[in-house]
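Novice: Here it is, the structure in full.
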Amino acid sequence: MRYLPILFLVLILSCKANKPDLTAQQIIDKAIAFSGANLVANAQISFHFRDKSYTAFRKNGIFVLDRVFNSDATKIKDVVSNNGFQRFLNGLPVAVVDSMAVKYGNSVNSVHYFSVLPFGLNDKAVQKKLLAPALVNGKEYFKIEISFSEDGGGEDFEDVFLYWIGKTDFLIDYIAYSYHTNGGGKRFRVLKEQCIKDGIRFVDYQNYKPISESVSLINLDTAFEEGQLQKVSEIVLKDIEVTIFDESIFKDHYSLFK
């Protein structure tokens with residue numbers, strides 16, 4: 001009987017040792033849940049970013065993403081929905097050549113995509129890979145690589161993203177990505193401020209690029225701590241408003257773009 005406590009302790013330690021680690025999918029699922037991003041799929045979200053206003057309508061897989069801004073005396077509204085891209089000038093639809101429609105549509109989608117991360121990281125085209133854990137500014141992180149399949153991955157399917165997700169809070173504090181448009185490059189985003197609106201976490205970032213092009217994407221966190229990155233901008237969302245979507249309003253809004 002005197003050996004039972006020892007055997008019990010050995011059994012506990014053995015169970016802990018054999019406990020499987022979290023997979024990349026499980027970590028992303030927790031990040032979505034802990035940040036409230038699961039609420040985005042059925043919500044209306046609006047905000048201002050730089051000199052433009054953005055509104056997103058999402059309901060059961062149907063979405064309408066728009067941006068509105070003024071150019072001289074013209075009010076321009078760009079809309080991306082399940083039906084593709086549409087531009088409006090002073091409220092009237094106008095034809096846009098395919099190459100520019102792709103460019104404008106990608107620009108609209110990019111801002112909306114980043115604004116509600118990690119929402120979207122479970123899309124069908126997303127490929128997840130768990131990298132070695134990281135320690136940044138004394139905090140432990142899971143490090144997840146996100147790439148995209150060509151089928152359903154959009155025009156920028158070759159872009160690669162890295163996410164630093166806290167091991168205890170499952171929140172994203174750092175984002176890095178490589179892109180191929182406009183000559184390509186790398187960026188590293190650092191949490192600046194965060195807020196919660198109707199249960200959804202929104203984050204402002206400081207945006208950095210490597211001083212040397214030789215710095216690899218996977219090592220941008222180390223380069224940041226060693227002062228090898230240069231700040232190029234800030235990603236700040238203003239006047240954020242969130243409402244759980246009213247279905248009748250959504251139908252009225254969506255019908256305008258059919």
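The values are calculated or read from the model by the stated rules, or taken from the named source; none is laboratory data. As the structure is a prediction and not an experimental result, all values here were calculated from the model. Neighbour counts run over all protein chains shown; Cβ positions are idealised from the backbone, glycine included. Quick note on the areas: whole protein, heavy atoms, side chains included, nothing else; ligands and nucleic acids left out. Shrake-Rupley method; radii C 1.70, N 1.55, O 1.52, S 1.80 Å.
Novice: Out of the total accessible area of segment 24-176 (probe 1.4 Å, heavy atoms of protein only), what percent is carbon and sulfur? It would help to have the intermediate numbers written out before the result.
Specialist: Details: 3650 of 7330 Å².
Reported share for carbon and sulfur atoms: 50 percent.
Novice: Considering only Cα-Cα distances, which of the following residue pairs are longer than 31 Å: K124/K231; K103/K167; K128/K197? Before the final figure, lay out the partial values.
Specialist: Details: K124/K231 33 Å; K103/K167 37 Å; K128/K197 28 Å.
From the list (K124/K231; K103/K167; K128/K197), the Cα-Cα distance tops 31 Å for K124/K231; K103/K167.
Novice: Need one value: the accessible area of S212 in square angstrom, 1.4 angstrom probe, rounded to the nearest 10.
Specialist: Here the accessible area works out near 50 Å².
Novice: Dipole of segment 107-153, Cα-centred, from +1 at each Lys and Arg C-beta and -1 at each Asp and Glu C-beta, to the nearest 20 debye? Kindly include the intermediate steps, with their values, before the conclusion.
Specialist: Values: 5 positive and 5 negative charges, 37 e Å.
My answer is approximately 180 debye.
Novice: Can you tell me the dipole magnitude for segment 169-220 around its Cα centre, using point charges on the Cβ only (Lys, Arg +1; Asp, Glu -1), in Debye to the nearest 20? Before the final figure, lay out the partial values.
Specialist: Working: 7 positive and 6 negative charges, 33 e Å.
For this selection, approximately 160 debye.
Novice: What accessible area, in Å² to the nearest ten, does a 1.4 Å probe give for F114?
Specialist: Probe radius 1.4 Å; accessible area of F114 about 40 Å².
Novice: Would you tally the net charge around V136, using a Cβ to Cβ cut-off of less than 10 Å, leaving V136 out, and scoring K and R as +1, D and E as -1? Write out the running numbers ahead of the final one.
Specialist: Values: positive: K139, K143; negative: E140, D173, D221, E225.
Summing Lys and Arg as +1 and Asp and Glu as -1 gives -2.
Novice: Would you tally the net charge around I28, using a Cβ to Cβ cut-off of less than 13 Å, leaving I28 out, and scoring K and R as +1, D and E as -1? Could you put the intermediate results ahead of the total?
Specialist: Working: positive: K30, K128, K129, K143; negative: D29, D123, E145.
Taking every other residue near I28 into account, the sum is +1.
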